[in-house]
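Contents: one structure, followed by commentary.
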There are 2 protein chains.
Amino acid sequence: MKAVPELAFGELTDVIGFLMEIDKLKGVQRRTKVLGTQRQENTAEHSWHFAVAAMALAPYAGDDVDINRVIRMALVHDIVEIDAGDVLVYDLAGRHAVHALEEAAAERLFGLLPEPQRRQFHQLWREYEAAETADARFALLLDRLMPMLMNLHNFGQSWVENGIRLEQVLARNAFIGEVYPDLWEHLQGHLYQARENGWLK
Amino acid sequence: MKAVPELAFGELTDVIGFLMEIDKLKGVQRRTKVLGTQRQENTAEHSWHFAVAAMALAPYAGDDVDINRVIRMALVHDIVEIDAGDVLVYDLAGRHAVHALEEAAAERLFGLLPEPQRRQFHQLWREYEAAETADARFALLLDRLMPMLMNLHNFGQSWVENGIRLEQVLARNAFIGEVYPDLWEHLQGHLYQARENGWLK
């Protein structure tokens, strides 16, 4: 992909080049549609929604979670999709295949930034991907939660369109029960109801 | 505007109702178009772009600026547009008229949240609007910077379409020279060039 032409901004030239390049995230489409519309949401607006969810759910995150870091993960977690595209969370083979592409995308895109920003963005993305720290696990919970909530408020739209089964949703998201058992309890109830409604197979 | 139907999530019910309601920000259109496309950006994706700009420009913000607060301002600063709409920054009469609408929008939308989140979101928005603290002034700089940068990288798209004059851009954004003189110096050079190119009157 061709980068947009660069304008001189002194010490800010590289940062501004990066900011113009990542405008492309607004053109990466996800499966989820904006509520009450026929328009697929893009990854930039999803990242905003996820980051606001981190702010709004901060009081329930637990003392070991630094919400400012979770917000930053939300903002950068999908920038690699500019080169690698969005892969449905239930497409396990696709997600495996895209991993090398995402690594290369991270090198190229975060590599547009000067230090120390390059290292900071790259490390946040790696930490999110590894899903091992408390911050990354809470971030992953929110990233998974948002499309589930949107489906539950939108007649199961992307589940129906992609033929998703209840068992897939339960298996892929069971870790939520470890991070926030009460939320998972409620979610499970709504997911079983979604199958009753015919929104999940 | 009708709120989306609410699902029970225990202590999270109100927060999740808020998160589903603010999905509507993805449908608020701005004048600026996504680079290289004919699609107007919406306020949700703009808010993401602004928040990432805060992260990427953090090293140049000065010691009196708390970037985590600037990021949070970016995420919430335009949520009121769900009820009040987007008004062009150069439409001073329109901006004045919309002020009462925005106050009511903040009451309604942030009022969907439980305490202490309601107060936190509302205060961040008020602080951003007042543009008096170092954090809010840096946030305002970024909010103004992003569409200028996009115009400079997109043949002056929204300036041309709205008949904007160079003098308007210089007058409305001169405060950037107080916050970050070196950036303003570079911007001014590009803005004068934009008029040479016919992108500004």
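Provide A:Arg195, B:Arg95 ordered by accessible surface of protein heavy atoms (probe 1.4 Å), highest first.
Largest accessible area first, the residues go A:Arg195, B:Arg95.
To the nearest 0.05, what FRET efficiency results for A:Phe175 and A:Arg119 with a Förster distance of 22 Å applied to their C-beta separation?
Plugging the Cβ-Cβ distance into 1/(1 + (r/R0)^6) gives 0.20.
Treating the protein assembly as shown as a set of equal point scatterers at the Cα positions, no solvent, please give the Debye-formula log₁₀ I(q)/I(0) at q = 0.13, 0.14, 0.15 Å⁻¹.
-1.13, -1.31, -1.51
With the alpha-carbon atoms as the only input, what is the per residue convex hull volume for chain B in Å³?
127
State the percentage of accessible surface on chain B attributable to carbon and sulfur atoms; use a 1.4 Å probe and exclude ligands, DNA and RNA.
Exposed carbon and sulfur together represent 51 percent of the surface.
Quick one: ranking B:Lys201, A:Lys26 by accessible area, 1.4 Å probe, largest first, what do you get?
Largest to smallest exposure gives the sequence B:Lys201, A:Lys26.
Once every DSSP H run of n ≥ 4 in the protein assembly as shown is given -39500 (n - 2.57) and the sum is divided by its residues, what mean residue ellipticity at 222 nm do you get, rounded to the nearest 500 deg cm²/dmol?
The helix-only estimate for the protein assembly as shown comes to -18000 deg cm²/dmol at 222 nm.
Quick one: accessible surface of B:Ser158, probe radius 1.4 Å, all protein chains present, in square angstrom to the nearest 10.
Roll a 1.4 Å probe over it and B:Ser158 shows about 10 Å².
Just the accessible area per residue of region B:10-196, please: how many Å² with a 1.4 Å probe?
Spelled out: the 1.4 Å probe surface of region B:10-196, per residue, equals 37 Å².
Accessible surface of A:Glu6 in the full protein assembly, 1.4 angstrom probe, to the nearest 10 Å²?
120
If the only charges are +1 at each Lys and Arg Cβ and -1 at each Asp and Glu Cβ, what is the size of the charge dipole of the protein assembly as shown around the Cα centre, to the nearest 20 debye?
Roughly 1240 debye for the protein assembly as shown.
Say the dipole of the protein assembly as shown comes from +1 at the beta carbon of Lys and Arg and -1 at that of Asp and Glu; which of B:Tyr180, B:Met73, A:Phe18 then lies farthest toward its positive end?
The residue sitting most towards the positive pole is A:Phe18.
Summing both sides, how much accessible area is buried between B and A? Use a 1.4 Å probe and give Å² to the nearest 100.
5400
Compute the distance in nm between two label points, each set 7 Å from the Cα along the Cα-to-Cβ direction, one at B:Gln40 and one at B:Thr133.
For the pair B:Gln40/B:Thr133, the computed spacing is 3.2 nm.
Under 15 Å from the Cβ of A:Val160, count the other residues' Cβ atoms, weight Lys and Arg +1, Asp and Glu -1, and hand me the total.
Surrounding charge for A:Val160 is +3.
Residues in region B:97-113 near a label at B:Glu6, defined as backbone nitrogen under 17 Å from the 7 Å Cα→Cβ point?
Under 17 Å, as judged by backbone N against the label point of B:Glu6, lie B:107-113 of region B:97-113.
Compare A:Glu102, B:Glu178, B:Glu115 by solvent-accessible area with a 1.4 Å probe and give them largest first, with all protein chains kept in place.
Ranked from most to least accessible, the order is B:Glu178, B:Glu115, A:Glu102.
Report the label-to-label distance for A:Arg165 and B:Glu185 in nanometres (one decimal), using points 7 Å from each Cα along the Cα→Cβ vector.
That separation, rounded to one decimal, is 6.5 nm.
I'm checking a number: the convex hull volume of the Cα atoms of region B:66-142, normalised per residue, in Å³. What is it?
Once divided by residue count, the hull of region B:66-142 is 86 Å³.
How shielded is B:21-32 by partner chains, expressed as the average number of their Cβ atoms within 10 Å of its Cβ atoms?
4
With heavy atoms of protein chains only and a 1.4 Å probe, what residues of region A:45-89 have at least 40 Å² less accessible area in the full set of chains than alone?
Residues of region A:45-89 that lose at least 40 Å² of accessible area once the other chains are added: A:Glu45, A:Trp48, A:His49, A:Val52, A:Met55, A:Ala56, A:Leu57, A:Tyr60, A:Asn68, A:Arg72, A:Leu75.
Could you give log10 I(q)/I(0) at q = 0.24 Å⁻¹ for region A:8-50, computed by the Debye formula over C-alpha point scatterers of equal weight, without solvent?
-0.78
Provide a whole-number value for the mean count of partner chain Cβ atoms within 10 Å of the Cβ atoms in peptide B:9-20.
So the per-residue partner count for this stretch is 6.
Could you tell me the number of lysine pairs in the protein assembly as shown with C-alpha atoms less than 23 Å from each other, where the two lysines are 8 or more residues apart or belong to different chains?
Close lysine pairs under the 23 Å cut-off: 19.
The values are calculated or read from the model by the stated rules, or taken from the named source; none is laboratory data. The structure displayed is predicted, hence computed values, not measured ones. Glycine also receives a Cβ, built like all others from the backbone with ideal geometry; neighbour counts cover every protein chain displayed. Ligands, DNA and RNA are stripped out before the accessible areas are found, and what is left, the full protein with its side chains, is counted by its heavy atoms. Shrake-Rupley method; radii C 1.70, N 1.55, O 1.52, S 1.80 Å.
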